[in-house]
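Each remark here refers to the structure printed beneath this line.
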């Protein structure tokens, strides 16, 4: 089994803990995305797996064997760096086959692997070019080619698309998924871009300040975030989070008093306040709404409109709609279905339903 397992992994630089007690398993052939804001420990985790950073404590197992002290060159891992790391004095062809020549593979095997990788990534005809003659997208594809020809069972990618424009990123995401479907390596992909995470991943692991917040499928994380951090990090715009007061069977959102459905009363019992979370696309603008709010701003994105509302308490709510026929001037607030609501603990931020 070509799986990767991290058990109680910690990484510290002196007193500064960068990765804290991380437990994670990536199964054979799985695409796992490490997602989180800058400085959360994503790249450090990837570098520990590759052997480029030492592990302070914990165990790293690859295919069931302990790899804590195995040198990088003996791990049979292919890695794509954010900065591409191409040799400027070598041609595209020489960059791609550099590692294979060091491994002393037969020349026919090298040619076969390189030609196949060039074909998959639409780089045929660029073999004699040097990196300075290539665009950013082409350089990225060369870096992917160099990792691909290694035909490693493990594929690590450190924010490989962050230097590309939006259109190239979308094209490159498609190519990455296509590559994975052909070779099916165990893939770990680091990014801070939630769109990449949602579209590429089999599973997403969300980190914050070196601590794992949640791991699950994109659908699980989007629909049932483990805490307010995950809820606010995933989604564009992110989940609406507002404090609500409780009194018996009543809940106060903004200044509106609503009857809380019976099935949720047990969830929030003995609490005076909770944080209510609702996805913007699961809110609707209404002339006679459940919660009154005034329209502050409407952002037209072509395929959708995002309306920013302000509650009487001053908190802001976003509503996403694709109905361009709706007269936003008529909106007096928003409504929602209770089954689309998450309830979070005010202190810990933990999802009370999950």
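See the values below:
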quantity: Selection from the range 48-71 of residues that are under 19 Å from residue 150 (Cβ atoms) and surrounded by 12 or more Cβ atoms within 10 Å (Cβ to Cβ); calculated: 49, 50, 51, 52, 62, 63, 67, 70
quantity: Single residue of 221, 188 found to be part of a strand (DSSP E or B), crowded, with 19+ Cβ neighbours inside 10 Å, assigned by TED's automatic domain parsing to the domain that holds residue 31 and touching a helix residue (DSSP H, G or I) at 6+ places or on another chain (Cβ under 9 Å); calculated: 188
quantity: Top-ranked residue of the range 84-121 - restricted to ones that are touching a residue at least 40 places away in the same chain (Cβ under 8 Å) and in a loop (DSSP other than H, G, I, E, B), ranked as surrounded by the fewest Cβ atoms within 10 Å (Cβ to Cβ); calculated: 88
quantity: Check on residue 27, in contact (Cβ under 8 Å) with a residue 60 or more places away in the chain and surrounded by 18 or more Cβ atoms within 10 Å (Cβ to Cβ); calculated: no
quantity: Subset of the range 261-295 [in contact with a helix residue (DSSP H, G or I) (Cβ under 8 Å, 6 or more places away or on another chain) and surrounded by 12 or more Cβ atoms within 10 Å (Cβ to Cβ)]; calculated: 261, 264, 275, 277, 278, 279, 282, 285, 295
quantity: Options 69, 7, 43: the member that is assigned to a loop (DSSP other than H, G, I, E, B), out of contact with any helix residue (DSSP H, G or I) (no Cβ under 7 Å at 6 or more places or on another chain) and either at pLDDT below 95 or within 24 Å of residue 214 (Cα to Cα) (or both); calculated: 69
quantity: Complete set of residues in the range 241-294 that are more than 21 Å from residue 333 (Cα to Cα), free of Cβ contacts under 8 Å to residues at least 24 places away in the same chain and in contact with a strand residue (DSSP E or B) (Cβ under 7 Å, 6 or more places away or on another chain); calculated: 249
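The values are calculated or read from the model by the stated rules, or taken from the named source; none is laboratory data. Because the structure is a prediction, the values reported are computed rather than measured. For neighbour counting, all protein chains shown are included, and Cβ atoms are generated from backbone atoms with ideal geometry for every residue, glycine included.
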